[in-house]
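This report refers to the structure that appears directly beneath it.
Each value in this text was obtained by applying a stated rule to the coordinates, not by laboratory testing. A quick note: this is a predicted structure, and the numbers were derived from the prediction, not measured. Methodologically, a virtual Cβ is constructed for each residue, glycine included, from the backbone with ideal geometry; neighbour enumeration extends over all protein chains shown.
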Amino acid sequence: MFDPTSHAQQWPDKPAVVMGETGESLSYSELDENSARLARLFWAEGLRAGDHVAVLLENQLRFFETYWAAIRSGLLFTAVNCHLTAGEAGYIVDDCDAAVLISSAALADVAEQIVDGTPKVRRRLMVDGASPSYEDYDAALSQYPAAPLEHQPLGRQMLYSSGSTGRPKGVWRPLSGRLYTDGMAALVPIYQDMFNFGPQTVFLVPAPLYHGGPLIYGASVLSLGGTVVVMNKFTAEGTLALIQRYRINRALFVPTMFSRLLALPDEVRNRYDTGSLELIIHGAAPCPVHVKRAMIEWLGPILAEFYAGTEDSGATVITSPEWLERPGSVGRGVAGALVHVCDETGRELPPGQIGQVWFEGPAVVADFQYYGDQVKTVSAHHPEHPTWSALGDLGRLDEDGFLYLADRQAFMIIAGGVNIYPQEIEDVLLQHPEVQDVAVFGVPHPDLGEQVKAIVQPDPSSTPGPELTARILAFSATHLARFKIPRSIEYLEDFPRTPTGKLRKTEMREPYWAGHASRIL
């Protein structure tokens, strides 16, 4: 079986989730009972299959039980980035139509600030305490029995991605209609086959759980009876210490973490026993060739890279031996997916030519919607193959079908594995009275891969320089999460445009990437 209830019966005291730094743990029996109680709370509030719940939580012990409660009661689960401002977080909670919101004492200030802007939420719970608008989570759960619901439809996550307007959009798909246990039995073996997840797995998650990768990979390990070790926050030496302490055999990283691990002095790296590691999964951002090669030289050929997106259009995976033969590739399609590269008319291109990347196969569901968006309601459909779908990236295939990414069709920035959407930042900066026009894009950064840069056309009455920059950055800090604030600002008196008035952003960005083999790296 592939659910916490069966694991709780077999290994009631086995740690399901462990907080790495403190050692605090949640057993399988606790995971099962707590998620069952919370599922009953959801249904007591009148939520039924297809309704929505949201969590605003840092990496903490109770995160996965909130996810399981939604999955085992047919609900759509939205995890909100805990580093967002109150305005940004409130927008997502309201947009996803969450009827129940779960936050924590650590985020109480933001949680209280979003109350007025989220009127559709009718029950608010707080882990590790209470606040004026939020009930104590444990006290609320104690009112319900730990027995599973009599009927457990399968739910799913509805995480947020960028939309055509630049504001975050929930990636919605219809529920399968399956029962929880049947649905998990169909989904989980994919991860079992690809990464050999199972009861023996001790899986390290150093990245935020509100991201799709850490959440889904971690949940897959739990579905198969393994143990997930969660870090509060990634630190390079702290990661090595936890690998040694818990005998971690599988882990999920982003390339920025690789860079920081490699930056440790040899005497620090050699201080820790990493011999238990059998597999390191990495993705979320392209990995520079020299960084990945250095990781393989250090830890051995145990890296597996995946390429996918929140939209679930498809995925590729490449092992270390495959990558060493094809440096820079992100692999071939997995779980039955096939990869195609086509020109702008939809014509399939031969190996070596760059075009748009399309996924085809039984794992591809091309009818996702951006939740609440009545205009852009489906993924990018191929003009001749309606079951093909795309993430909006450009790439090429080699003769053996291995994919190499060339650029992103959109201007999304990936900084340290975090997706940042330029138009959202541009919309904020244009509200500043001294900004006449602005272009935001990513520029190279040796550690993060990319960082946010803004080119500003100032109002004629303003003088470009450090003082104006300080005012714009101060304004940004009141409207944007810290990781979205531009790291540098330059000024132009006039922006290059097409005859129709469209901004030539590619032309503006190009000089910053001169000398780089790819504008992704």
Requested in this report: Report the one residue of 90, 465, 47 whose Cα lies farthest in the direction of the positive end of the charge dipole of the chain (charges on C-beta: Lys and Arg +1, Asp and Glu -1; origin at the Cα centre).
Outcome: 47
**Report entry** Within straight-line cross-link reach of residue 484, aspartates and glutamates at Cα separation under 14 Å, skipping those fewer than 8 residues along the same chain
**Finding:** 88, 424, 426, 427, 450
Query raised in the report: Roughly speaking, what is the stretch gain from residue 241 to residue 19, that is 0.36 nm per residue apart minus the C-alpha to C-alpha distance, in nm to one decimal?
Result: 78.6 nm
Query raised in the report: Sorted from fewest to most neighbouring beta carbons within 10 Å, what does the list 228, 115, 289, 428 look like?
Result: 289, 115, 428, 228
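I need to check one value: relative contact order of the range 413-513, counting alpha carbon pairs closer than 8 Å and at least 6 residues apart, in percent. Walk me through the intermediate numbers first.
Details: 146 pairs, mean separation 26.6, N = 101.
Relative contact order here is 26 percent.
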Report summary line: Given unit charges at Cβ for Lys, Arg (+) and Asp, Glu (-), the dipole magnitude of the chain about its Cα centre in debye, nearest 20, is 200
Requested in this report: Considering Cα pairs under 8 angstrom that are at least six residues apart, work out the relative contact order of the range 1-103 and quote it in whole percent.
Outcome: 26
Query - Centre separation in Å (Cα based) which lies between the range 1-73 and the range 258-273 - result: 35
Query raised in the report: Which value in Å is the Kirkwood Rh of the range 26-89 over different Cα pairs?
Result: 12.3
Report task. Express the relative contact order of the chain as a whole percentage, based on alpha carbon pairs under 8 Å and six or more residues apart in sequence. Result -> 10
Report summary line: Here the percent of antiparallel bridges among DSSP beta bridges lying wholly in the range 98-138, to the nearest 5, is 10
**Report entry** DSSP beta bridge pairing in the range 4-176, given as percent antiparallel to the nearest 5
**Finding:** 30
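Nearest 500 deg cm²/dmol is fine: what mean residue ellipticity at 222 nm does the chain get from its DSSP H runs of n ≥ 4 alone, each adding -39,500 (n - 2.57), divided by its residue count?
Values: 17 runs with 146 residues, N = 521.
Calculated at 222 nm, the ellipticity per residue is -8000 deg cm²/dmol.
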**Report entry** Diffusion coefficient, µm² s⁻¹, Stokes-Einstein with Kirkwood Rh over alpha-carbon pairs of the chain at 10 °C and 1.306 mPa s
**Finding:** 66
Report summary line: So, with points 7 Å from each Cα along the Cβ direction, the residue 128-residue 142 label distance in nm works out to 2.0
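What ranking, highest mean first, results for peptides 387-393, 9-15, 103-109 when packing means the other Cβ atoms within 10 Å averaged over each residue? All intermediate terms of the calculation are to be shown ahead of the outcome.
Values: 387-393: 20.4, 9-15: 14.3, 103-109: 18.7.
Taking the mean over residues of other Cβ atoms within 10 Å, the ranking is 387-393, 103-109, 9-15.
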**Report entry** Cα-projected label distance for residue 491 with residue 298, points at 7 Å along beta-carbon direction, nm
**Finding:** 4.2
Query raised in the report: With r defined as the distance between the Cβ atoms of residue 268 and residue 192 and R0 fixed at 45 Å, what FRET efficiency is calculated, to the nearest 0.05?
Result: 0.85
Report summary line: Here the gain from full extension of residue 459 to residue 348, 0.36 nm per residue of separation minus their alpha-carbon distance, amounts to 35.3 nm
Query - Total charge dipole magnitude, the range 199-303, about the Cα centre, Cβ charges on Lys, Arg, Asp, Glu only, Debye to nearest 20 - result: 140
Report task. Could you tell me what percent of the DSSP beta bridges with both partners in the chain are antiparallel, to the nearest 5? Result -> 55
Report summary line: Contour minus Cα-Cα span, residue 470 to residue 6, at 0.36 nm per residue, comes to 161.4 nm
Query raised in the report: Fewest to most neighbouring Cβ within 10 Å: what's the order for 52, 282, 479?
Result: 479, 282, 52
Query raised in the report: How long, wide and thick is the range 227-408, going by the Cα atoms along their three principal axes, in whole angstroms, largest first?
Result: 57, 39, 24
Query raised in the report: Can you sort 19, 231 by how many other beta carbons sit within 10 Å, fewest first?
Result: 19, 231
